[in-house]
Amino acid sequence: MESRLLPLQIFRTLLATFAALALFLASTSAEASPIRVSRQNFKVLSIPRVFRSQTVGRALGCYLRPQGRGTIIGWLKRGDEKDRRVDLQAIKSSAVRRDMRATARTIQNSSHASAALLSRLQARLALQEFLLNQFLTCVPSLFSSGGEAPTATPTIPATPTNSESGAVTPAPTATSTPTINPTSSPTPSSGNPSVSITRGEITWTLRRPISSGPGSVSQGTFITGDPWVVGPVEILSINPGSAISAEGYHLNGSMVNPTYFNRQPGDLPALQGYDGRAADGNPAGTIAWLPPYSAALNVARNLPFTLSAGNSLVSVKSRIDFSNTDQKTGLQAASVLTILSSAPASGSFRPPYAGNDKTVRFNESQLQWNQLQQIPLVSGAPSAASLASGFSNFWLDWGGWNSRMLHPIANMPEYGRDLASLIGEAAVLVNMNIPQNQKRPLVLALVQMGIDFYANVVNGARWGGTGGQCSGRKLPILFAGAMLGDTSMLQVGFAYPSYRRIVNGQVQNASVFGEDSQTFRVEETSPGSINFQSSPSQPQHYSSAHLTLPEWGFSHTDWPVNDNRFWDGDPYRRCCTANAWVGNLLAARLMGLKANWNNDILFDYQDRFMAVQLERIINSPSTDAHWHRSWSSWVEQAWDTYRAGLGGVWQCPLASNVCRGQ
């Protein structure tokens with residue numbers, strides 16, 4: 001036993017020696033003071049006493065050698081987990097600082113110590129304070145999830161790895177129901193208890209700052225399950241914590257009140273602070289097409305920090321396992337914590353995560369259920385409960401076609417086609433004759449999504465049509481506007497139109513929503529030019545025979561040169577766009593929102609698309625399947641059952657081969 005203790009004794013002796021040297025250097029520069037101190041009080045803060053405290057010893061270790069195995073930090077990391085936890089709770093106790101203040105008061109009241117002795121004591125007291133602060137700064141990165149690890153590798157829990165890719169297998173998805181677990185000990189600076197709040201796979205640990213007085217954090221959840229707290233609050237840690245990949249890129253970031261106004265030259269996506277694996281040329285360890293990253297926007301790198309009321313903290317878990325190559329996103333999970341000035345009313349919807357306006361405007365009591373229809377169910381329709389599982393977690397969106405790369409796969413579909421189709425399914429199902437209590441989870445999810453998407457638009461987000469990436473954002477806004485009776489959301493189609501036109505000889509364009517940006521009516525846009533295409537001799541371009549035809553283009557409002565009149569000329573026409581719009585546009589018609597959408601061309605094109613694809617399925621079943629017509633089979637059946645009865649079905653007035661895209 002004695003032989004085992006010897007290395008530890010030597011270790012403590014070395015620490016004490018270093019501290020003595022530091023104190024000596026500090027004391028030689030300290031100025032004399034008329035304040036006196038007793039020798040008894042000096043003995044309390046003597047060197048041996050200081051380093052019998054694990055608190056200061058570990059603090060010194062953290063300060064001296066913040067490195068790996070074989071160093072002081074390596075020793076600390078290999079220590080017993082229980083001891084570490086107990087010690088961490090002990091240092092977080094306000095008793096440490098309280099004892100230091102008591103000693104300082106004793107010093108002031110003493111009258112029989114030399115100036116030299118007092119100077120040395122003051123140096124010791126300053127060192128103890130410094131070590132305590134250093135410990136509190138570096139401890140979260142060592143023993144918890146807060147702060148950025150002082151190593152070059154991610155602070156990711158040990159999990160099995162894929163031997164070929166080296167990717168870390170993610171931990172199982174946590175429940176989406178928030179859990180709030182207060183810690184049992186007070187904080188070191190304020191005496192206020194900390195609380196841990198979990199939503200999905202994200203956990204925040206926070207407390208009420210000393211400037212707000214004593215007390216616990218007031219907290220709760222919105223109607224959709226997202227947590228709120230009354231601010232100000234001090235964010236102590238975020239789990240999973242900010243980390244750095246083996247290639248040197250930031251992971252597990254957090255943003256406060258994200259906006260999308262800071263788009264880059266060439267209308268590239270806005271800067272984001274969630275994941276740093278974005279780089280030109282896609283070097284090793286990066287993610288292709290990830291929106292550009294700014295470390296300055298990633299607040300998770302600078303813990304702890306204080307957030308006042310009127311803020312949203314969006315935190316993410318970076319994706320590590322890329323074994324599924326069909327999934328392109330860089331994020332595994334995301335959650336949002338909202339800081340308010342007072343507790344919201346029961347049943348409140350969460351204010352949007354984007355932008356600075358955190359006014360709690362909407363409540364479940366405002367829902368106008370008579371806006372929903374009660375059409376009979378169609379065969380194959382899923383249960384509301386099974387469909388609602390796809391909306392049980394926070395949906396985080398971004399602006400631009402590559403917003404897909406920031407869709408957390410544990411929370412939501414990453415691809416625009418899949419996202420739009422799921423939204424359409426929910427919107428159609430809640431208009432069927434099922435009990436209101438079964439519709440409720442879907443309605444709440446769609447309304448919250450509409451609130452969020454509308455704020456994204458107001459704060460600069462744009463989803464210009466690009467292949468199958470940018471669909472599905474507009475219907476939830478109109479749905480929320482109808483259910484809440486909100487004029488602003490109901491007018492989104494007029495306030496934020498998508499178009500490409502020539503005014504006074506100059507091309508003007510706006511690309512806000514994917515469906516609107518990809519549909520147009522063929523017209524002569526300038527003398528001798530149809531549909532902005534200056535090479536009418538190209539076979540894929542349009543002629544006068546196509547005038548007035550409602551049509552689709554890969555990225556029409558931005559790049560009409562990519563428009564192709566042939567039905568099979570661009571695979572995205574059939575695979576990934578209008579086949580996902582079926583439920584969105586059917587629900588808009590059912591709820592009387594077609595006029596609010598403010599794009600009749602889109603609705604006409606959808607009628608054309610469904611007719612042409614049905615004909616192709618009948619005549620060419622080997623090349624065209626039902627999924628080319630509708631990504632959801634039961635929504636296709638709902639369209640065929642109810643579309644004609646809603647009136648205004650577009651009929652092609654042109655030659656049949658033109659309408660078929662031949």
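The values are calculated or read from the model by the stated rules, or taken from the named source; none is laboratory data. Treat the numbers as computed from the prediction; the structure is a model and nothing was measured. When we count neighbours, we look across all protein chains shown, and the Cβ atoms used for this are built from the backbone with ideal geometry, even at glycine. Just so you know, the surface numbers come from the protein's heavy atoms only, side chains and all, with ligands and any DNA or RNA stripped out. Shrake-Rupley method; radii C 1.70, N 1.55, O 1.52, S 1.80 Å.
Assorted remarks:
- In terms of its C-alpha gyration tensor, the stretch 415-471 has an oblate overall shape, because the principal axis ratio a/c (a ≥ b ≥ c, square roots of the eigenvalues) is not below 1.5 and a/b does not outweigh b/c.
- Solvent accessible area, Å² - TRP631, 1.4 Å probe, full protein context: 100
- Protein-only accessible surface order, largest first, of GLU515, GLU523 at 1.4 Å: GLU523, GLU515
- Protein-only accessible surface at a 1.4 angstrom probe places the residues VAL457, VAL230 in the order VAL230, VAL457, largest first.
- In the context of the full protein assembly, ASP486 retains an accessible surface of approximately 30 Å², using a probe radius of 1.4 Å and ignoring ligands and nucleic acids.
- 15 Å beta-carbon shell around ALA495, net charge (K/R +1, D/E -1): +1
- Share of carbon and sulfur in the accessible heavy-atom surface of the stretch 284-410 [1.4 Å probe, %]: 49
- Per atom type, the stretch 541-662 shows carbon and sulfur on 55% of its accessible surface, probed at 1.4 Å.
- Residue ranges 490-499, 200-209 sort as 200-209, 490-499 when ordered by packing (mean number of other C-beta atoms within 10 Å per residue, highest first).
- For the stretch 529-639: rounded, prolate or oblate by the Cα gyration tensor [a/c cutoff 1.5]: oblate
- Summed side-chain charge close to ARG629 - residues other than ARG629 whose Cβ falls under 11 Å, Lys, Arg +1, Asp, Glu -1: -2
- Shape of the stretch 362-495, Cα gyration tensor, a/c cut at 1.5: oblate
- Filter on LYS328/LYS594; LYS328/LYS439; LYS474/LYS594 - keep pairs with C-alpha separation over 23 Å: LYS328/LYS594; LYS328/LYS439
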